[in-house]
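To start, the structure itself, in structure tokens.
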Amino acid sequence: EKGTYPHFMLKEIDEQPFVMRRIIKEYQTEDNKLKLDADVRQAMKACDRIYIIAAGTSYHAGLVGKEFIEKLANIPVEVHIASEFSYNMPLLSEKPLFIFISQSGETADSRAVLVRIKELGHSALTITNVPGSTLSREADYTLNLYAGPEIAVASTKAYTAQIAVLAILAVDTAQAKELELDFDPMQELAIVANAMEVLTDQKEAIEELVRENLGTTRNAFFIGRSTDYHVCQEGSLKLKEISYIQAEGFAGGELKHGTIALIEEGTPVIAIATQENVNLSIRGNVQEVAARGANTMVFSMKGLEQDTDAFVIPHVHELLTPLASVVPMQLLAYYAALHRDCDVDKPRNLAKSVTVE
Ligand code: M6R
């Protein structure tokens with residue numbers, strides 16, 4: 001139930017710190033080791049390539065997960081939109097492992113791929129919020145998200161739970177492969193949980209940004225590079241699906257290859273800047289669009305911030321920045337929808353689980 005909250009979406013945004021802490025608890029043994037099914041560990045260790053299959057927000061979590069698995073566990077990863085995979089199945093490696101990411105576990109597009117790859121005799125792991133769901137039952141292995149029921153059509157806490165579980169999975173695999181690591185996922189996720197609390201306490205600041213910058217606009221752009229680009233894609237999906245503002249996430253470096261032509265006087269451009277190695281280049285992009293009249297809002301991370309930034313998120317480990325930077329994006333979408341009198345929890349034309357192909 002919503003309790004004192006006006007909408008499920010706001011409640012679910014606020015639940016994210018608790019979900020992080022629950023995931024830490026569920027995936028940790030009493031002596032602080034990672035607790036994952038031995039079968040999952042074995043499957044991860046044995047494969048030579050991972051194919052992540054998902055839709056919508058879960059696909060965006062997969063893009064972040066690819067970075068964890070490649071950087072920490074040293075396994076090549078491809079991330080595919082479920083509905084596209086069926087038409088253009090890539091050449092598969094010798095020992096593929098499929099990971100299905102799905103909040104509901106019922107997405108028909110993902111299930112179609114699962115059925116197909118099972119026919120081919122491949123193994124599948126489902127990461128879902130609903131153990132016992134179709135994708136969970138039909139896969140060989142399941143990892144639970146422990147996010148609690150997500151009711152709002154716009155996915156929020158499932159996205160951050162998916163990313164947290166993918167980080168744990170990547171580290172567990174790295175440990176199984178005896179790779180060297182200086183990244184303790186549980187310690188870093190605890191820091192994230194605290195950061196999320198700070199962020200969810202800043203609703204007024206975000207609402208103010210919405211009032212000033214997104215009040216009547218028809219469109220909005222999100223720009224970022226590297227990991228931040230993935231969060232731009234998620235931020236823009238959130239904004240478009242509940243506020244109906246036409247929104248797009250772009251890789252900063254692609255602006256000059258076409259997109260910058262869209263910038264007009266007053267176009268809102270939201271930039272995410274949490275990655276040190278691309279900070280200068282994304283700042284350059286912000287200047288380029290500002291020079292063409294864009295109304296820029298930079299969301300940076302503590303330590304990389306500049307005086308003119310619209311919002312500064314607390315410092316978290318550079319691999320886990322999406323878990324923090326997505327929170328103000330979720331709140332931007334929420335308040336933009338609220339200010340436009342949109343039905344926040346049940347946006348037009350959308351269903352919570354999409355059970356048709
Ligand atoms: O249940 P799933 O995670 O498989 O759902 C996938 C998408 O339908 C879902 O993420 C959708 O994009 C959300 N409405 C986004 O907020």
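The values are calculated or read from the model by the stated rules, or taken from the named source; none is laboratory data. It should be emphasised that the depicted structure is a prediction, and the values quoted were computed from it without experimental measurement. Please note: Cβ atoms are built from the backbone with ideal geometry, for glycine as well, and neighbour counts cover all protein chains shown. These accessible areas exclude ligands, DNA and RNA; they are computed on the full protein's heavy atoms, side chains included. Shrake-Rupley method; radii C 1.70, N 1.55, O 1.52, S 1.80 Å.
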Query raised in the report: With θ set to phi - 60° and the Karplus curve 6.51 cos²θ - 1.76 cosθ + 1.60, what are the ³J(HN,Hα) couplings of the stretch 314-320 in order, to the nearest whole Hz, using x for Gly and Pro?
Result: x, 6, 9, 4, 4, 6, 9
Requested in this report: Could you list which residues have their amide H under 5 Å from that of Ala273, counting only those 5 or more apart in sequence or on another chain, with H placed in the peptide plane?
Outcome: Phe299, Ser300, Met301
Report summary line: Rounded to one decimal in nm, the spacing of the 7 Å Cα→Cβ label points at Asn32 and Asp307 is 4.3
**Report entry** Under 16 Å from the Cα of Lys33 - lysines, other chains or at least 8 residues apart
**Finding:** Lys25, Lys177
**Report entry** Karplus-derived HN-Hα couplings along the stretch 88-100 (A = 6.51, B = -1.76, C = 1.60, θ = phi - 60°), whole Hz, x at Gly and Pro
**Finding:** 10, 5, x, 5, 8, 6, 5, 10, x, 10, 9, 10, 9
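Can you pull the percent of the chain's accessible area that's carbon plus sulfur, 1.4 Å probe, other chains left in place?
Working: 7060 of 15160 Å².
The C+S portion of the solvent-accessible surface of the chain is 47 percent.
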Report summary line: The ³J(HN,Hα) series, computed from each phi in the stretch 223-239 with the Karplus coefficients 6.51, -1.76 and 1.60 at θ = phi - 60°, rounded to the nearest Hz and given as x for glycine or proline, is 10, x, 10, 6, 4, 5, 4, 4, 6, 4, 5, 5, x, 6, 4, 4, 5
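Net charge near Cys232: determine it from the other residues with C-beta under 10 Å of the C-beta of Cys232, scoring Lys and Arg +1 and Asp and Glu -1. Don't jump to the answer; show the numbers that get you there.
Working: positive: Arg225; negative: Asp228, Glu234, Glu248.
Charge balance in the 10 Å sphere: -2.
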Query raised in the report: So which chymotrypsin sites (Phe, Trp or Tyr not before Pro) in the stretch 53-140 are both in a DSSP loop and have at most 14 other Cβ atoms within 10 Å of their Cβ?
Result: Tyr87
Query - the stretch 127-277, accessible area per residue, ligands and nucleic acids excluded (1.4 Å, Å²) - result: 38
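What net charge do the residues around Leu320 carry, taking every other residue with its C-beta under 11 Å from that of Leu320, with Lys and Arg at +1 and Asp and Glu at -1?
Details: positive: none; negative: Glu67, Glu188, Glu318.
Within the 11 Å Cβ shell, the charges total -3.
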Query - Whole-angstrom gap from the stretch 228-265 to the stretch 103-123, using each part's C-alpha centre - result: 30
Query raised in the report: Out of residues 5 or more away from Val79 or on other chains, whose amide H comes under 5 Å of its own, with H placed 1.01 Å from N in the peptide plane?
Result: Ile52
Query - the chain - mean residue ellipticity at 222 nm from DSSP helices (-39,500 (n - 2.57) per run, n ≥ 4, rounded to 500) - result: -14000 deg cm²/dmol
Report summary line: In this structure, the FRET efficiency calculated for Ala290 and Lys346 from their beta-carbon separation, with R0 = 41 Å, to the nearest 0.05, is 0.65
Requested in this report: May I ask you to list the aspartates and glutamates whose Cα is less than 17 Å away from that of Lys157, ignoring any residue fewer than eight positions away on the same chain?
Outcome: Glu1, Glu12, Asp14, Glu15, Glu26, Glu197, Asp201, Glu234, Glu241, Asp345
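Taking loop as defined by DSSP and a crowding limit of 16 other beta carbons within 10 Å, which GluC sites (Glu not before Pro) in the stretch 197-267 fit?
Values: sites: Glu197, Glu204, Glu207, Glu208, Glu212, Glu234, Glu241, Glu248, Glu254, Glu264, Glu265; in loops: Glu264, Glu265.
Passing both the DSSP loop test and the Cβ count: Glu264, Glu265.
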Query raised in the report: To the nearest 10 Å², what's Tyr5's accessible area with a 1.4 Å probe?
Result: 70
Requested in this report: Whole Å is fine, so just give me how far the alpha carbon centre of the stretch 280-333 lies from that of the stretch 340-354.
Outcome: 27
